[in-house]
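S.K.: My structure is below; once you've seen it, I'll send some questions.
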Amino acid sequence: MYHCLDTSQFDRRLLEEISELADAARFISKSKEGADWLSGLLSHKRAMLYFVQPSTRTYLSFLSACQILGMQTADVRDTSTSSEVKGETELDTVRTFSSYYDAIIMRHYKANFAREIADMLDKTNRPVPVINGGAGKDQHPTQALLDIYTLRKSFEQRGGIDHKKIAFVGDLMRGRTARSLSRLLTRFENVKQYFVAPDFLQIDSGVLSVLDRLGISYELVDDIHKVLPEVDAVYLTRLQDEWDDQDKTAGHYFIENYALTMENVGLLRQHAVIMHPLPRRQEISYEVDSDPRAVYWRQVRNGMWARVALLAKIFGVEQEIKQV
Amino acid sequence: MYHCLDTSQFDRRLLEEISELADAARFISKSKEGADWLSGLLSHKRAMLYFVQPSTRTYLSFLSACQILGMQTADVRDTSTSSEVKGETELDTVRTFSSYYDAIIMRHYKANFAREIADMLDKTNRPVPVINGGAGKDQHPTQALLDIYTLRKSFEQRGGIDHKKIAFVGDLMRGRTARSLSRLLTRFENVKQYFVAPDFLQIDSGVLSVLDRLGISYELVDDIHKVLPEVDAVYLTRLQDEWDDQDKTAGHYFIENYALTMENVGLLRQHAVIMHPLPRRQEISYEVDSDPRAVYWRQVRNGMWARVALLAKIFGVEQEIKQV
Amino acid sequence: MYHCLDTSQFDRRLLEEISELADAARFISKSKEGADWLSGLLSHKRAMLYFVQPSTRTYLSFLSACQILGMQTADVRDTSTSSEVKGETELDTVRTFSSYYDAIIMRHYKANFAREIADMLDKTNRPVPVINGGAGKDQHPTQALLDIYTLRKSFEQRGGIDHKKIAFVGDLMRGRTARSLSRLLTRFENVKQYFVAPDFLQIDSGVLSVLDRLGISYELVDDIHKVLPEVDAVYLTRLQDEWDDQDKTAGHYFIENYALTMENVGLLRQHAVIMHPLPRRQEISYEVDSDPRAVYWRQVRNGMWARVALLAKIFGVEQEIKQV
């Protein structure tokens, strides 16, 4: 892997490798000596975090991953302070900035911008890896990566991700996390997917036709209570009403059918796990946080380690980590 | 000490220890080898600077302290780029961010927010130390710490802080520095305090009743000229008129009575010191800067070293520094 | 050199030394061991980047230079979050911030501010070097430095900069890069300068009277086509219409006469080089980027290395780099 642009790049072997690398780096970091050793691995590399679409949590996660590996970083978060205001194209802007750095980690409102940048740089005599940290309503490959890593850790004692049943709940039409994760789950064997949403927020047919084509079993469901007793993991998502126009769909949304509360969490099987990409609103009651099945806070930290693993892979130091 | 939330945590022994640690770290840093050694002490720790109430000077002081000890840092200065805009509670936001870091240094407009965060994190399975870098009109414990450190250094050859006379001058009603420092001075023996302000800006009665209860000697004064010949230290503060409503109190404020100028600085005793938490306006004439008794610029640098000492103490590396 | 404030400080010997240092550091950085060694050179120094006039590219270039040498950094980019809002003078603000740092790299809208700060700090007992990273329409000494470095590298096989012919093209009245570079070229022998601009955007007479006084040969030209077959380097610049009032000069500007395109680039001699300080608009067609004579992208990277060399010189580690 050179650029990391979309989830289609992750085959099963790569997903397993990144999960193992994340575990290994995490273990090494537990001692001061280990942490110092990790931060020498990429101490000769520097990364630019080009985050013109705001997202503090993804930004901090990538920044931390860079810091753990000893990469120096620079932020570009506001193009109004760049030369774009002087009539430069954004391709020129990013090419200029890339001159100073060894990698670009990018979050942008334009769906395809990370790929445009990667293609442009590949034609120059100083290309650098481009990592897509999320784009508009579309791809967010490292989120899907951390979700797979979290599921894999959760099912470590129970045979891994194969043959599990996983429910996506909430605003599946607009949340990109469910779409990306659904896709990656097809890399595993016999994973059944449930899509729990009201009609007008159901997952788009493109996702379903991929599942159909691959012969993956799935169900469309309109109430979380129907799936809780069935599944090994429930993946909740929030209503993405920032994309709404005036006639808010939120008004037609019965949160009770798509939320986990102290009332219905008892329906969940003992070994099941509760996930959420965060931020949450009312989809998960705060009291559920102390339930041992709740792994959404661990998910956050897993994201940092999955990104450590991804950077190690991109810069070719994975063997050094594995050999420790 | 785990969290650093308010000045009540600083007993005399801790104040002495932090002052000694600050001196020791400062001495070590004078050589390149020493500086490099210091920056290896906490190279395995990373801190988040959550400064949603702007304060560049406190921010830079803490940032520098982290850098001196080798801690990597991340800034959060504007919550509008975080998920709060998506309906998340700020407790969830900070908990998410804390997942990536080993300490939170926080400046917030809400008086009690640092403690709320500390309490919330203490209930999770990954608590991290929370350091209060100032909150609204209230607590600013590390400012009080650096003031004590500065007084201690200033009186090093004269028996320390015990038995000294210290005058606070200016807007004592709203400036939190005087309140905090007044409190910490009660940890020392027989320190007399003077509060020099017009009636409507005098120190609040809560501070005075603490002094009364502890049997500490103090005087309320309305003109700086009356105390200059008496005191060992004069601590000037600016008019905090950003808290004023339309009918500016500034109009009723005779700055001449609460300022140090080339005219009245001669009244000050030879060994006295001049302090100010900065920023200043007209409370101290620029010509006074070259007076050898002026220590307010040294105070700034002392603040950085006091914060180095505090971080070293919180992360338990104080013995390593002392043994050098 | 202690402060770096304007181009007049760069005599020929210093220009040569900085170019050689830049080459040496660059060569060392090619291995991981070399890069790690470089980042230990100034690991005991920390720099403040005081960029209150926005310029992401200059900022990133300096930041990268600091990182390459292991200097920790802090950004101040928005004075609205500093105490200036509380009535502090900017001299006090910068003095406070300087207390925490070992160097100030400064970009400011006020022409003379870097020098004011340098003068002020020189009178204190803790002066630090001040580096001018560009000021308003005026001095931008490190841009001129990287331009000299680029020319020197371009003519390495052809006897260096002496005796070459160099054309400046575009908005020479307001672009500070042409003015600064013109000045530095007078340090070399027998360099002929061409100023290619419409009358109302021609280089100012101050520059020309310097050339007259030094007996330097130059020509004023109104069309790029007349100089392309003559020169060893063509230095294009963009129209600086952000300084324009309502009656935009842009309307009277025939870009064809001051741009390099696939149509006229063939007129350029085989060994000539094409430079531009960037950002560009239509002065250079995108197709020209792949012409081997185009060095403007290399110029960007040269800027970073020239700044590495400058910092090494200011902090006195140039011998260590030369001896590797």
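The values are calculated or read from the model by the stated rules, or taken from the named source; none is laboratory data. Just so it is clear, the model here is predicted, and its values are computed rather than measured. Cβ sites come from the backbone with ideal geometry, for glycine too, and all protein chains shown count toward neighbours. The protein model used for the area step is the full one, side chains on, heavy atoms only, and it has no ligands, DNA or RNA in it. Shrake-Rupley method; radii C 1.70, N 1.55, O 1.52, S 1.80 Å.
S.K.: So, in segment C:145-164, exactly how many residues are buried (at least 19 other Cβ atoms within 10 Å of the Cβ) and either in contact with a Phe, Trp or Tyr (Cβ under 7 Å, 6 or more places away or on another chain) or not assigned by TED's automatic domain parsing to the domain that holds C:Val265 (or both)?
M.R.: Residues in segment C:145-164 being buried (at least 19 other Cβ atoms within 10 Å of the Cβ) and either in contact with a Phe, Trp or Tyr (Cβ under 7 Å, 6 or more places away or on another chain) or not assigned by TED's automatic domain parsing to the domain that holds C:Val265 (or both): 3 in total.
S.K.: Among the numbered criteria (1) buried (at least 20 other Cβ atoms within 10 Å of the Cβ); (2) more than 15 Å from the chain's Cα centre (by Cα), which one does B:Asp78 miss?
M.R.: (1)
S.K.: Can you give me the number of residues within segment C:25-41 that are open to solvent by 20 Å² or more (accessible area, probe 1.4 Å) and closer than 30 Å to B:Ser61 by Cβ?
M.R.: The number of residues fulfilling the criteria is 3.
S.K.: Return only the number of the condition from (1) facing chain C (nearest Cβ under 10 Å); (2) modelled with pLDDT under 95 that A:Asp6 does not satisfy.
M.R.: With (1) facing chain C (nearest Cβ under 10 Å); (2) modelled with pLDDT under 95 applied to A:Asp6, the lone miss is (1).
S.K.: To continue, here is another question. Residue under question is A:Thr56, and the condition is that it be open to solvent by less than 10 Å² (accessible area, probe 1.4 Å) and at the interface with another protein chain (Cβ under 8 Å from one of its Cβ atoms); does it hold?
M.R.: Against the criterion (open to solvent by less than 10 Å² (accessible area, probe 1.4 Å) and at the interface with another protein chain (Cβ under 8 Å from one of its Cβ atoms)), A:Thr56 qualifies.
S.K.: From (1) open to solvent by 30 Å² or more (accessible area, probe 1.4 Å); (2) within 14 Å of another protein chain (Cβ to nearest Cβ); (3) at pLDDT 95 or above, pick out the condition that doesn't hold for B:Tyr109.
M.R.: (3)
Residues checked against (1) within 18 Å of C:Arg174 (Cβ to Cβ); (2) free of Cβ contacts under 8 Å to residues at least 40 places away in the same chain; (3) open to solvent by 30 Å² or more (accessible area, probe 1.4 Å); (4) out of contact with any Phe, Trp or Tyr (no Cβ under 6 Å at 6 or more places or on another chain):
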| position | (1), (2), (3), (4) |
| --- | --- |
| C:Val265 | no, yes, no, yes |
| C:His271 | no, no, yes, yes |
| C:His276 | yes, no, no, no |
| C:Gln282 | yes, yes, yes, yes |
| C:Val288 | no, yes, no, yes |
| C:Val295 | no, no, no, yes |
| C:Arg298 | no, no, yes, yes |
| C:Asn302 | no, no, no, no |
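S.K.: If A:Glu116 satisfies every condition in (1) over 24 Å from C:Ser29 (Cβ atoms); (2) within 11 Å of another protein chain (Cβ to nearest Cβ) but one, which is the exception?
M.R.: Against the list (1) over 24 Å from C:Ser29 (Cβ atoms); (2) within 11 Å of another protein chain (Cβ to nearest Cβ), A:Glu116 comes up short only on (2).
S.K.: Turning to a different aspect of this structure: Here is a list: C:Ser180, C:Ser209. Which entry is free of Cβ contacts under 8 Å to residues at least 24 places away in the same chain and assigned to a helix (DSSP H, G or I)?
M.R.: It is C:Ser209.
S.K.: For segment C:117-128, name all the residues that are touching a helix residue (DSSP H, G or I) at 6+ places or on another chain (Cβ under 8 Å) and open to solvent by less than 10 Å² (accessible area, probe 1.4 Å).
M.R.: C:Ile117, C:Leu121, C:Val128
S.K.: Have a look at A:Gln143, A:Gln157 and point out the one that is more than 16 Å from the chain's Cα centre (by Cα), more than 30 Å from C:Gly303 (Cα to Cα) and assigned to a helix (DSSP H, G or I).
M.R.: Step by step, each of A:Gln143, A:Gln157 is checked, and only A:Gln157 is more than 16 Å from the chain's Cα centre (by Cα), more than 30 Å from C:Gly303 (Cα to Cα) and assigned to a helix (DSSP H, G or I).
S.K.: Oh, and also: For segment B:35-132, which fully contained helices (runs of 4 or more DSSP H) count at least 3 residues that are of a type in the set (Val, Ile, Thr)?
M.R.: By residue number, B:56-68, B:90-98.
S.K.: On the given criteria, is B:Glu219 outside any helix (DSSP H, G or I) and either farther than 26 Å from B:Ile18 by Cα or at pLDDT 95 or above (or both)?
M.R.: Criteria met by B:Glu219.
S.K.: Then there's this: Is there a residue in segment C:4-24 that is surrounded by fewer than 17 Cβ atoms within 10 Å (Cβ to Cβ), basic (Lys, Arg) and not in a strand (DSSP E or B)?
M.R.: yes
S.K.: Would you pick out the residues in segment C:42-53 that are modelled with pLDDT of 95 or more, open to solvent by 10 Å² or more (accessible area, probe 1.4 Å) and of a type outside the set (Lys, Arg)?
M.R.: Hits for segment C:42-53 are C:Ser43, C:His44.
S.K.: On the given criteria, is B:Asp92 assigned by TED's automatic domain parsing to the domain that holds B:Phe315, acidic (Asp, Glu) and either open to solvent by less than 40 Å² (accessible area, probe 1.4 Å) or closer than 20 Å to A:Arg301 by Cβ (or both)?
M.R.: yes
S.K.: Kindly list the number of the only condition in (1) more than 30 Å from B:Asp241 (Cα to Cα); (2) without any contact (Cβ under 8 Å) to a residue 24 or more places away in the chain; (3) touching a Leu at 6+ places or on another chain (Cβ under 8 Å); (4) of a type outside the set (A, V, I, L, M) that fails for C:Phe62.
M.R.: (2)
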